[in-house]
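Asker: One structure is given below, represented as structure tokens, and several questions about it will come after.
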Amino acid sequence: MLIIENIKILRSGDWISSSVAIQGSRIIGVLCGEPRYFSKRENSFIRICSETGVVCLKKRGLYRKVSRLATLDESMEEVKILDGEGGYLIPGMFDPHVHVREPGQEYKEDWHSCSKAALKGGVTSILDMPNNKPPVVSKKELFKKIRIAGKKSYVNYGFHFALTDCNLEEIFSEEVQRNICGVKVYLDKTTGGLLVKDERVLINVFVQPRPVLIHTGGTAGLEKILYCYDSAFKKYSSISPLYICHISLKDELRLLEKARKNYKDIFCEVTPHHLFLESNTYRGLPSVKPPLSKKEDIEALWEAIERGLIDTIGSDHAPHTVDEKKLPSPPAGFPGLETTIPVIYSAALEELIGFDVLFRLTSFNSRKIFCKKLYSEINEGYPAEVVVLKDGDFTVTAGGIDGEKFETKAGWSPFQGFKLKVKPFITVVNENCFYLNGNYYRNRTRKVC
Ligand code: DOR
Ligand code: ZN
Ligand code: ZN
């Protein structure tokens, strides 16, 4: 068992002191208020008792867990204790949009470096995109990736499968369905060169049950897929959810708002770089798709968050090397796993956005859309995927945050120069797998869907 003591937890809008107990991959107890430590010694044991029935006994500096009624015997489990140092406990990010790059382009990123970056950044589950080299368009590539992730990942993981003009049958197969979180559709050219043109395929993909994620390439692509979604509904009536990746324009928001009046299962994602970086003032390494937006689009995105139109924040972590970025035609994409949580939670501390809203956008909503799991707060039964943020004044520099080097092989950030108010200090993925102030502990991680 793992106990994180001395943390603050959000309850009805207020941060209150608490501790959480974790067993395996679940939270098994949340103790709000001051922990009830019974200083009275019972045969040299100190007892900690939570509201939810977790009872621990401490003997000579070691905690052991017993159930409420159990007597102290040999079967007791040892308990690890982490000191949260008064930090904020938030849900680990469930990132629906990550480009890990392995297999195929390990020089840009591999499962080891990518998942370590995630863990350090407070991201506890990553859903990997299929635009590898070669792309994940068949069972063979999918199962290869599953094997690699299982061996190397420091965080929990899932996979999106790419649609082509001719692989629908493969996508409908039970083996593929059982192992994917979503089907990714590229309607415009980007890294990897995947593209779907056949309109019948774009309609029929909504018959398989997994959410269909779209790289639209802008308003024309969005209009096209909304038309196909509508056609699919008219033809089949029961269809899969539609998920629009990295929305960045006011015009896209207008189209989406209209479509959502008719369909409740249309979801949309925004990235931190489209929320915080403006095309006119950005001076970092170039090129991302969709391109950075203008001020009025950014204002529309923030307003859409306020109105509840945006469902998720995805990092769209898309690592490319500094050398590649300095080429005359650089590949598109920004790394983001290590900056997303610090950047957006710093905004929450500055009251730009509510903590409860961020919990939904970074975690609860993605779990609902891709795993059909419903959560509204961190409580008993919640996955053991949590982060403790510590306050401070930190700066994103050329190669890291405040002198601590990035784990991503990209080694740079579009947020260079950003001032941060918080950063992850503890990230837990399960009882035996966590990041603690610069140190990594890895044990079994799991596939989330
Ligand atoms: O900027 C981007 N980079 N946009 C994408 O759609 C793909 C991504 C990548 O894989 O590099
Ligand atoms: Zn994309
Ligand atoms: Zn992407």
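The values are calculated or read from the model by the stated rules, or taken from the named source; none is laboratory data. This one's a predicted model, so the numbers in the text were calculated from it and none came from an experiment. Glycine also receives a Cβ, built like all others from the backbone with ideal geometry; neighbour counts cover every protein chain displayed. Note: areas computed on protein heavy atoms with side chains; ligands, DNA, RNA excluded. Shrake-Rupley method; radii C 1.70, N 1.55, O 1.52, S 1.80 Å.
Asker: If you scan the range 100-123, which residues turn out to be in a loop (DSSP other than H, G, I, E, B) and small (Gly, Ala, Ser)?
Answerer: If the condition is that a residue be in a loop (DSSP other than H, G, I, E, B) and small (Gly, Ala, Ser), then Gly104, Gly122 are the ones that fit.
Asker: Taking Gly333 as meeting all but one of (1) of a type outside the set (Lys, Arg); (2) closer than 24 Å to Lys419 by Cα; (3) open to solvent by 20 Å² or more (accessible area, probe 1.4 Å), write down the number of the exception.
Answerer: Going through the list (1) of a type outside the set (Lys, Arg); (2) closer than 24 Å to Lys419 by Cα; (3) open to solvent by 20 Å² or more (accessible area, probe 1.4 Å), Gly333 breaks only (3).
Asker: If I filter the range 230-249 down to residues being more than 15 Å from ligand 3 (Cβ to nearest atom) and under 18 Å from Thr312 (Cβ atoms), which single residue comes out as surrounded by the most Cβ atoms within 10 Å (Cβ to Cβ)?
Answerer: Checked the range 230-249; the qualifying residue surrounded by the most Cβ atoms within 10 Å (Cβ to Cβ) is Leu242.
Asker: Follow-up. Need pairs with beta-carbon distance below 7 Å; first residue among the β-branched types (Val, Ile, Thr) and within the range 272-300, second open to solvent by 40 Å² or more (accessible area, probe 1.4 Å) and away from ligand 3 (no atom under 16 Å from the Cβ); sequence gap 6+ or separate chains.
Answerer: Pairs found: Ile298/Glu278.
Asker: Looking only at the range 338-348, decide whether some residue is open to solvent by 60 Å² or more (accessible area, probe 1.4 Å), out of contact with any strand residue (DSSP E or B) (no Cβ under 6 Å at 6 or more places or on another chain) and not assigned by TED's automatic domain parsing to the domain that holds Ser18.
Answerer: No: the range 338-348 contains no residue that is open to solvent by 60 Å² or more (accessible area, probe 1.4 Å), out of contact with any strand residue (DSSP E or B) (no Cβ under 6 Å at 6 or more places or on another chain) and not assigned by TED's automatic domain parsing to the domain that holds Ser18.
For (1) in contact with a helix residue (DSSP H, G or I) (Cβ under 9 Å, 6 or more places away or on another chain); (2) crowded, with 21+ Cβ neighbours inside 10 Å; (3) at pLDDT below 95, each residue gets a yes or a no:
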residue: Thr164; (1), (2), (3): yes, no, no
residue: Glu169; (1), (2), (3): no, no, no
residue: Phe172; (1), (2), (3): yes, no, no
residue: Val176; (1), (2), (3): yes, yes, no
residue: Thr190; (1), (2), (3): no, no, yes
residue: Gly193; (1), (2), (3): no, no, yes
residue: Glu199; (1), (2), (3): yes, no, no
residue: Val205; (1), (2), (3): yes, yes, no
residue: Val212; (1), (2), (3): yes, yes, no
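Asker: Can you confirm whether Ser363 is of a type in the set (S, T, N, Q), closer than 24 Å to Leu256 by Cβ and within 16 Å of ligand 2 (Cβ to nearest atom)?
Answerer: Considered against the rule, which asks whether it is of a type in the set (S, T, N, Q), closer than 24 Å to Leu256 by Cβ and within 16 Å of ligand 2 (Cβ to nearest atom), Ser363 comes out as no.
Asker: Does Lys419 satisfy the criteria of being without any contact (Cβ under 8 Å) to a residue 60 or more places away in the chain and either surrounded by fewer than 16 Cβ atoms within 10 Å (Cβ to Cβ) or not assigned by TED's automatic domain parsing to the domain that holds Val212 (or both)?
Answerer: So Lys419 does not fit the description; no.
Asker: Additional query: Which of (1) open to solvent by less than 40 Å² (accessible area, probe 1.4 Å); (2) touching a Pro at 6+ places or on another chain (Cβ under 9 Å) does Lys409 not meet, given it meets every other one?
Answerer: Result: Lys409 fails condition (1) only.
Asker: Looking only at the range 300-325, filter to residues that are within 16 Å of ligand 1 (Cβ to nearest atom) and assigned to a loop (DSSP other than H, G, I, E, B); which one of those is surrounded by the fewest Cβ atoms within 10 Å (Cβ to Cβ)?
Answerer: Thr321
Per-residue answers, yes or no, for (1) in contact with a strand residue (DSSP E or B) (Cβ under 6 Å, 6 or more places away or on another chain); (2) in the same structural domain as His246 (by TED's automatic domain parsing); (3) not aliphatic (A, V, I, L, M):
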{"position": "Asp356", "(1), (2), (3)": "no, yes, yes"}
{"position": "Arg367", "(1), (2), (3)": "yes, yes, yes"}
{"position": "Ala398", "(1), (2), (3)": "no, yes, no"}
{"position": "Lys409", "(1), (2), (3)": "no, yes, yes"}
{"position": "Arg446", "(1), (2), (3)": "yes, no, yes"}
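Asker: Condition first: aromatic (Phe, Trp, Tyr) and within 16 Å of ligand 3 (Cβ to nearest atom). Now tell me which residues in the range 291-335 satisfy that.
Answerer: Across the range 291-335, the qualifying residue is only Phe334.
Asker: Applying the selection to the range 355-375, what residues are part of a helix (DSSP H, G or I) and hydrophobic (A, V, I, L, M, F, W, C)?
Answerer: Passing the criteria: Phe355, Val357, Leu358, Phe359, Leu361, Phe364, Ile369, Phe370, Cys371.
Asker: With over 25 Å from Phe334 (Cα atoms) and open to solvent by 10 Å² or more (accessible area, probe 1.4 Å) as the only criterion, which of Asp356, Asp393 stands out?
Answerer: The match here is Asp356.
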